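Report on the following structure.
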Amino acid sequence: MAVPKSIIIAGGKGTRLGDLCDYEPKHVLPIANKPLVEYHIDELENYSPVRFSYSKHNKEFWETYFSEKPSRYSHLIPKLDTTLKGPLYPLLELLTEHDKNDYIIGITGDAFGIFDLEDMIKFHLSLGRAITIGMSRTCPSPKACVFDIDEKKKTVKGMYRESGVSKREDLINIGVYIASPELLKEIPLDLFSYKEDSIFPLFIKKGIASAYVLREKAVNVNTPYQYFCANMYALQRFIDITNSGGRRYIIGDGTNIDNLDNIYNTVIGKKVTIGRNVILRNVIVMDGSIVEHTHLENAIIKKGVECRNVKGRNMIIGEDYLKESEIFEEFD
């Protein structure tokens, strides 16, 4: 079988973070140091990404973004989705346009995690069902769509919308899909009458959705807390990155930092003292640290950090943005 096509489904993603970022694109991850669209293109590099579907909510931004980087996205065709029928619709639409033997990988624009797509494809093909949904036991999330699965059959057997905050062991759809042409035989062929709210219950009723549970954690970046979690999950691969392309550090607990020029792409441990004339960019500053007379850019500041005479840009500050109810022991 040929290499599968893939699609990145952006929708209105990035707008949900509101004023947390004061420059575009709004879904830059400080630790990954790139917007999510570039992260997904890298993830899908071996799977022929052919379409980038976006909604009118981000129309002006995405059209400018793609026009400024024509060589980077020469193979990836932007397509304005005017239907606003949810993330699965653009995937199904692409499925109808390609060879009947092709299967399609879809990834939503706010999904962040470690996706073993090769293993997920093998899983999908071995079970032979119409669609596989990627799931993760992730950080607690407000109003999450939680799935119940048949562990033996690896099928989705139920789902509900959590009215409060999901639990750590809950399985959450993180927006990675693999769909086969057979899916078009199982759903109404009239895509214009397609309704996103009924599609998952239809999958469950027909027993056609396989549940692939990621070994690593992932997150949908659509709240300040999940934005923070995405950066912390990025640390899982952070250790293995070489120093090429810029300096990267993990500064241990209790360290004193003074009179350095710049610190980039860094996680600063608890109770670190950062002195004068230090520029921090793309950093997470953990609990109890003292930061004074410095410049912070692309920074996540955890609770209890003392800032004195600090200039900051594009920051999430624990006390102000990460609500008390959204602070969990996950990263303490």
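Tell me which residues, restricted to the stretch 183-206, are assigned to a helix (DSSP H, G or I), surrounded by 12 or more Cβ atoms within 10 Å (Cβ to Cβ) and modelled with pLDDT of 75 or more.
Start the filter on the stretch 183-206 by keeping residues that are assigned to a helix (DSSP H, G or I), which leaves 183-186, 191-193, 196-206.
Those left that are additionally surrounded by 12 or more Cβ atoms within 10 Å (Cβ to Cβ): 183-184, 186, 191, 196, 198-200, 202-204, 206.
If the condition is that a residue be assigned to a helix (DSSP H, G or I), surrounded by 12 or more Cβ atoms within 10 Å (Cβ to Cβ) and modelled with pLDDT of 75 or more, then Leu183, Leu184, Glu186, Ser198, Ile199, Phe200, Leu202, Phe203, Ile204, Lys206 are the ones that fit.
Quick one: would you say Arg129 is in contact with a Pro (Cβ under 9 Å, 6 or more places away or on another chain) and not hydrophobic (A, V, I, L, M, F, W, C)?
Numbers: in contact with a Pro (Cβ under 9 Å, 6 or more places away or on another chain): no; not hydrophobic (A, V, I, L, M, F, W, C): yes.
For Arg129, the condition - in contact with a Pro (Cβ under 9 Å, 6 or more places away or on another chain) and not hydrophobic (A, V, I, L, M, F, W, C) - is not met.
Sort through Tyr212, Tyr177 and tell me the only one that's surrounded by 15 or more Cβ atoms within 10 Å (Cβ to Cβ), farther than 19 Å from Lys85 by Cα, touching a Gly at 6+ places or on another chain (Cβ under 7 Å) and modelled with pLDDT of 90 or more.
Working: Tyr177 fails: farther than 19 Å from Lys85 by Cα.
Checking each option against the conditions leaves just Tyr212.
So, Ser163, is that one in the same structural domain as Leu125 (by TED's automatic domain parsing), assigned to a loop (DSSP other than H, G, I, E, B) and surrounded by fewer than 16 Cβ atoms within 10 Å (Cβ to Cβ) or not?
Values: in the same structural domain as Leu125 (by TED's automatic domain parsing): yes; assigned to a loop (DSSP other than H, G, I, E, B): yes; surrounded by fewer than 16 Cβ atoms within 10 Å (Cβ to Cβ): yes.
Yes.
Can you confirm whether Gly106 is assigned by TED's automatic domain parsing to the domain that holds Phe66, on the phi > 0 side of the Ramachandran plot and touching a residue at least 12 places away in the same chain (Cβ under 8 Å)? So that I can check it myself, show each step before the final result.
On the way: assigned by TED's automatic domain parsing to the domain that holds Phe66: yes; on the phi > 0 side of the Ramachandran plot: no; touching a residue at least 12 places away in the same chain (Cβ under 8 Å): yes.
So Gly106 fails the test.
Tell me the residue from Lys153, Lys157, Lys122 that is in contact with a helix residue (DSSP H, G or I) (Cβ under 8 Å, 6 or more places away or on another chain), of a type in the set (D, E, K, R) and either in a helix (DSSP H, G or I) or more than 20 Å from Gly109 (Cα to Cα) (or both), please.
On inspection, the qualifying residue turns out to be Lys157.
Please specify each residue of the stretch 168-210 satisfying the condition of being in contact with a helix residue (DSSP H, G or I) (Cβ under 8 Å, 6 or more places away or on another chain), within 22 Å of Glu151 (Cβ to Cβ) and β-branched (Val, Ile, Thr).
Listed by number, the residues that qualify are Val176, Ile178, Ile208.
Filter the stretch 110-154 for residues that are modelled with pLDDT of 90 or more and among the aromatic types (Phe, Trp, Tyr); which is surrounded by the most Cβ atoms within 10 Å (Cβ to Cβ)?
Phe147
Taking the stretch 93-104, which residues are in a helix (DSSP H, G or I) and buried (at least 20 other Cβ atoms within 10 Å of the Cβ)?
Residues of the stretch 93-104 that are in a helix (DSSP H, G or I), as a first pass: 93-97.
If the condition is that a residue be in a helix (DSSP H, G or I) and buried (at least 20 other Cβ atoms within 10 Å of the Cβ), then Leu94, Leu95 are the ones that fit.
Take Ile107 and decide whether it is touching a Ser or Thr at 6+ places or on another chain (Cβ under 9 Å), surrounded by 23 or more Cβ atoms within 10 Å (Cβ to Cβ) and part of a strand (DSSP E or B).
Numbers: touching a Ser or Thr at 6+ places or on another chain (Cβ under 9 Å): yes; surrounded by 23 or more Cβ atoms within 10 Å (Cβ to Cβ): yes; part of a strand (DSSP E or B): yes.
Yes, satisfied.
Return the only residue of Lys153, Lys157 being of a type in the set (Lys, Arg), without any contact (Cβ under 8 Å) to a residue 60 or more places away in the chain and out of contact with any Asp or Glu (no Cβ under 7 Å at 6 or more places or on another chain). Step through it out loud before you land on a result.
Numbers: Lys157 fails: out of contact with any Asp or Glu (no Cβ under 7 Å at 6 or more places or on another chain).
After ruling out the rest, the residue left standing is Lys153.
The values are calculated or read from the model by the stated rules, or taken from the named source; none is laboratory data. Just so we're clear, the structure is a prediction, and the values are computed from it rather than from any experiment. Heads up, the Cβs are rebuilt from the backbone with ideal geometry, glycines too, and the neighbour counts pull from every protein chain shown.
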